[in-house]
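All remarks here apply to the structure that follows.
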Amino acid sequence: MRRTKPQKRIPAPDAVYSDKTVSKFINRLMIKGKKAVAEGVFYQALDLLEGKAEGKPIEVFHQVLKKVAPRVKVKARRVGGATYQVPMEVTEDDGEALGSRWLIAAARKRAGRSMSEKLAYEMQDVLKGLGAAMKKREETHRMAEANRAFAHFRF
């Protein structure tokens, strides 16, 4: 390693649930620095989820994130002129980051309605094991499984 790793920055917990994971999710949801808009979208989505899913909305959100987070990913490695897709285990933080990005991207791609409704519906689909975010996770796991033969290139 050539440099020292930068110190990890942990955002302040959000105002409503005092949860750092929620704060990170809102930051990923935010576009062009409009945090108040992102917060509104997220909290509205949780309100919509409250009526449709059993349990407290924050617990449901954590369930969704845990379910959509991948356990393995593939990373391109160049060995002797050839590029291999090498399967690697994902840390808990990386899994959470990938899962939340996939969840937000899937919600944005949904047709019609407001963003909060799209996010709530995507979260519902994840709980059922459906939706584009879950499809992305399964696809990533399949890629890692298919390239298991190159696991020895991990270094």
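Structural remarks
- Unit charges on C-beta of K, R, D, E only; dipole of the chain, Debye: 960 debye
- Against the main long axis of the alpha-carbon atoms of the chain, helix 35-52 sits at an angle near 80°.
- Nearest 10 degrees, 0 to 90: helix 115-128 Cα axis against the chain principal axis: 60 degrees
- Global geometry of region 59-118, whether rounded, prolate or oblate, following the gyration tensor of its Cα atoms and the 1.5 cut on a/c: oblate
- With contributions of -39500 (n - 2.57) from each DSSP H run of at least four residues, the per-residue ellipticity at 222 nm computed over the chain stands at -18000 deg cm²/dmol.
- Solvent-accessible area of region 30-69 (1.4 angstrom probe, protein heavy atoms only): carbon and sulfur portion equals 55 percent.
- Alpha-carbon centroids, region 1-42 and region 118-135: separation in whole Å: 22 Å
- Pairs of C-alpha atoms in the chain farther apart than 23 Å represent 44 percent of all such pairs.
- Probe 1.4 Å, protein heavy atoms only - accessible area per residue of region 1-113 in square angstrom: 67 Å²
- The angle separating the long axis of helix 57-68 from the principal Cα axis of greatest extent in the chain is about 20 degrees.
- Of all the options 117, 138, 96, the one that moves most in a Gaussian network model of the chain with Cα springs shorter than 10 angstrom is 138.
- 91, 140, reordered so the largest accessible area comes first (probe 1.4 Å): 91, 140
- A Förster radius of 30 Å combined with the Cβ-Cβ distance from residue 110 to residue 154 puts the calculated FRET efficiency at roughly 0.25.
- Measuring nothing but how far apart in sequence close Cα pairs (under 8 Å, 6+ apart) lie, relative to its length, the chain scores a relative contact order of 23 percent.
- Along the axis of the charge dipole computed for the chain (Cβ charges of +1 for Lys and Arg, -1 for Asp and Glu, origin at the Cα centre), the listed residues 116, 13, 100 are led at the positive end by 100.
The values are calculated or read from the model by the stated rules, or taken from the named source; none is laboratory data. A quick note: this is a predicted structure, and the numbers were derived from the prediction, not measured. Virtual Cβ from ideal backbone geometry, glycine too; neighbours counted across all protein chains shown. Heavy atoms of the whole protein, side chains included, go into the accessibility calculation; ligands, DNA and RNA do not. Shrake-Rupley method; radii C 1.70, N 1.55, O 1.52, S 1.80 Å.
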